[in-house]
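Since the structure comes first, as structure tokens, the remarks are kept for the end.
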Amino acid sequence: TLLAAARRRQPDQIALMHLGRVDAALHGTRTMLGDAADAVDSGRASGQDGALLAARVRATAFRCAELVLDAAAHALGPAPLAFDDVHAARVADLHLYLRQHHAERDDAALGRRILERADAGAAAW
């Protein structure tokens, strides 16, 4: 919806900023998902390494989805939510899905994994 809106009329600098932020976030998340899939396929994502990777991927995908929702809301305003049933349904579904994420608790669990890994002498990053 954001890209379609930018293509319909000449976007200003703010619209381009939102489009760029969304693209960068989606690209980064897509790249991370591909890297994670490669790690799983090659057997490098098992045990604690796999749990750490899964936590990182979930956190990254969550942040990306929130950024996309926020950027779309700021760039598009309320019109698509009021007059575009498909867009409004997608936004509502994504909000509902994201509320199932434990956000700060999942971030704290990720932090705990990183600390435990460091305490065990393994590379944290």
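The magnitude of the dipole of the chain, with charges of +1 and -1 set on the Cβ of Lys/Arg and Asp/Glu and taken from the Cα centre, is near 140 debye. Of the residues Val40, Met17, His87, the one whose Cα sits farthest toward the positive end of the charge dipole of the chain, with +1 on the Cβ of Lys and Arg and -1 on the Cβ of Asp and Glu, is Met17.
In a fully extended conformation the segment linking Ile114 and Arg44 would gain 23.5 nm over its present Cα-Cα distance, using 0.36 nm per residue.
Solvent exposure of the range 2-118, expressed per residue, is 67 Å² of accessible area, with all protein chains present and a 1.4 angstrom probe. The length gained on full extension between Asp107 and Leu3, counted as 0.36 nm times the residue separation minus their Cα-Cα distance, comes to 34.4 nm. If only the Cβ of Lys and Arg carry +1 and only the Cβ of Asp and Glu carry -1, the dipole of the range 63-122 around its Cα centre is close to 180 debye. Seen from Thr29, the other residues with C-beta closer than 13 Å to its C-beta sum to a net charge of +2, counting Lys and Arg as +1 and Asp and Glu as -1. Backbone geometry of the range 24-34 corresponds, through the Karplus equation with coefficients 6.51, -1.76 and 1.60 at θ = phi - 60°, to 3J(HN,Hα) couplings of 4, 5, 5, 5, x, 5, 4, 5, 5, 4, x Hz, x marking Gly and Pro. The portion of the accessible surface of the chain made up by carbon and sulfur, rounded to a whole percent, is 58 (1.4 Å probe; DNA, RNA and ligands excluded). Label zone (Phe83, point 7 Å along Cα-to-C-beta; backbone nitrogen cut-off 17 Å) within the range 1-35: 1-10. Using the alpha-carbon positions of the chain, Rg (one decimal) and Dmax (whole number) come out as 17.9, 55 Å. Rounded to the nearest 0.05, what FRET efficiency do Ala51 and His95 have when you use their Cβ-Cβ distance and R0 = 41 Å? The computed FRET efficiency comes out at 0.90.
The values are calculated or read from the model by the stated rules, or taken from the named source; none is laboratory data. What you are looking at is a predicted structure, and each value in this text was computed from that prediction instead of being measured. Positions of Cβ are backbone-derived with ideal geometry, glycine not excepted, and every protein chain shown enters the neighbour counts. Ligands, DNA and RNA are stripped out before the accessible areas are found, and what is left, the full protein with its side chains, is counted by its heavy atoms. Shrake-Rupley method; radii C 1.70, N 1.55, O 1.52, S 1.80 Å.
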